[in-house]
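What follows is a single structure, written as structure tokens, with notes after it.
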Amino acid sequence: MARLSLDLVVPITAAAAADAERFGPKAANLARLGHAGLPIPDGFCIDAEAYRLQIAAAGLEDQARRVTSPDPREARCAALAMKLGLLDGSIVPDLLEALLAARRVLVAHAAAPIVVRSSALVEDRFGASFAGQFESYLGLETEEEFLTAVRSCWAALWATRVLRYMATHHANATDTAMAVLVQPLIAARVSGGGLSCTSDGDMVITATEGLGSALAQGEVVPDRIMLSRDGMLRYTAGRVAHSIGCAHGVRSAMHVRAAERCLTTAQAIELGALLRKAEELMGMPVEIEWARDCAGFKVLQARPLHIEAAASAASSDEIWLQHPRLNGHPAGVGRGAGRACVVNCECELSRVAPGDVLVTKVAGPSLSQILPRVAGVIAELGGSTSHLASLARERGIPAVLGVLDATQRIPDGVQVAVDGVAGVVRWMR
């Protein structure tokens, strides 16, 4: 048992860490990039077999099977039992020893708090990114926090939003498993995302100050940098929103960020080179997450990118061209139209009917539950590399994010058109 458990925890620098069937595509893709010389954080990976070991030790196999019950109440109770069993159960002793030993080595070497990230065997695959559906825990200082985060990543496989996402992708939590990626927290001065290819063949980089969680969650409008294969094309400054609470109580306030850019031209070009290298190594267009600390850039994640060909000028509907227009950050796929349903917070999502175009403020991944029934998404916050943009791309849902004052400018109930490739929104007056 001890030998087995030790093999379940491997450094990200080890050749075995690139095995997606053991450590999930998120960890495996990052390991591959690191092995090829791209800058990534240090860390270690916890094999999905460790999760299976916990399931068996806690006697949860029967509960796992019951999650697929046709009885909704039984299925919900079984999913709750899975989460509680993984959160509360004692970690298998030999595995616990290996986890703590690996953490001690990482903390001593990095001299920084750590990050624990899910790396499910089903995520970061083409057609099923699961962007923002699982869990990541940042800035963990103690052994107790570390172990709680590992348990929570295991339990995240049974979260309600994950099970709903799986149902729409014909996946089953019982048939998969959860690996975990553990790394030091990068003291990011700037962070963001990148798309190695757009419909026009260019690259897109998004950037914001500090850690990238606000960008991923669609809570800021990042700087947007367009790059050709030869250099800089265009730099658009972002915006920061300060939310004061539920929109039913008081409205959020949008403030334009200071004029200084998050990245210099040289830094943007350097990051573009990393994007191209990641694309070459993975053999396909990619979407990355990155951070920059005092030592330089670090690639944090790489997943397959969905792209769509640009429309010809002749394909534009002349009728729509006569109506008001707003611009934003395109998710990169799809064009659609429907009735605008303006919601100011998640409390109002029940108002969204099939075929509506959702017009909202924050572009968070929690909106994934309504993507199957909308004709498009328009959000005041977020950018092309936010998690919601990734989810929209994989479903072919047109989405434009970072649209200033969309919920105030677009009247509720009007017909609205969304171009998720050009980043243009128009509505009927």
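The values are calculated or read from the model by the stated rules, or taken from the named source; none is laboratory data. Predicted, not measured: the structure shown is a model, and the values here were computed from it. FYI the Cβ positions are ideal-geometry reconstructions off the backbone, even for glycines, and counts take in every protein chain you see. Quick note on the areas: whole protein, heavy atoms, side chains included, nothing else; ligands and nucleic acids left out. Shrake-Rupley method; radii C 1.70, N 1.55, O 1.52, S 1.80 Å.
Some values worked out for this structure:
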read-out: Ratio of Rg to Rh over segment 340-429 (Cα coordinates, Kirkwood Rh, two decimals); value: 0.90
read-out: Protection-proxy order for peptides 86-97, 324-335, each taking the mean of Cβ atoms within 10 Å per residue, highest first; value: 324-335, 86-97
read-out: Extreme residue, positive dipole direction of the chain, given options Thr176, Val377, Met232 (C-beta unit charges); value: Val377
read-out: Those lysines that a straight Cα-Cα span of less than 16 Å connects to Lys277, excepting residues fewer than 8 apart in one chain; value: Lys298
read-out: Unit charges at the beta carbon, dipole of the chain: most positive-side option, Trp154, Ala20, Val204; value: Val204
read-out: Degrees, to the nearest 10: 93-110 long Cα axis against longest axis of the chain; value: 60
read-out: Dipole axis of segment 47-89 (+1 Lys, Arg; -1 Asp, Glu on Cβ), positive-most option in Gly59, Ala48, Ala78; value: Ala78
read-out: The chain - percent of accessible surface contributed by carbon and sulfur, probe 1.4 Å; value: 53
read-out: Residues whose placed amide H lies under 5 Å from that of Asn344, excluding near-sequence neighbours; value: none
read-out: Among [x] 31, 25, 23; [y] 43, 24, 19; [z] 36, 26, 19, the entry derived from the coordinates for semi-axes √(5λ) of the Cα gyration tensor in Å; value: [z]
read-out: Principal-axis tilt of helix 265-282 within the chain, Cα atoms, nearest 10 degrees; value: 60
read-out: The chain: angle of helix 143-155 to the longest principal axis, Cα-based, in degrees nearest 10; value: 70
read-out: Relative contact order, percent, the chain [alpha-carbon distance under 8 Å, six or more residues apart]; value: 15
read-out: Candidate lysines for bridging to Lys83, where Cα separation is under 28 Å - those fewer than 8 sequence places away on the same chain excluded; value: Lys26
read-out: For the chain: accessible area per residue (Å², 1.4 Å); value: 41
read-out: Table column - 3J(HN,Hα) (Hz), segment 389-398, Karplus curve with 6.51, -1.76, 1.60, x for Gly and Pro; value: 4, 4, 5, 5, 4, 5, 9, x, 8, x
read-out: Nearest-20 debye value, the chain charge dipole, Cβ charges on Lys, Arg, Asp, Glu; value: 860
read-out: Per-residue [θ]222 nm for the chain (sum of -39500 (n - 2.57) over DSSP H runs n ≥ 4, rounded to 500); value: -9000 deg cm²/dmol
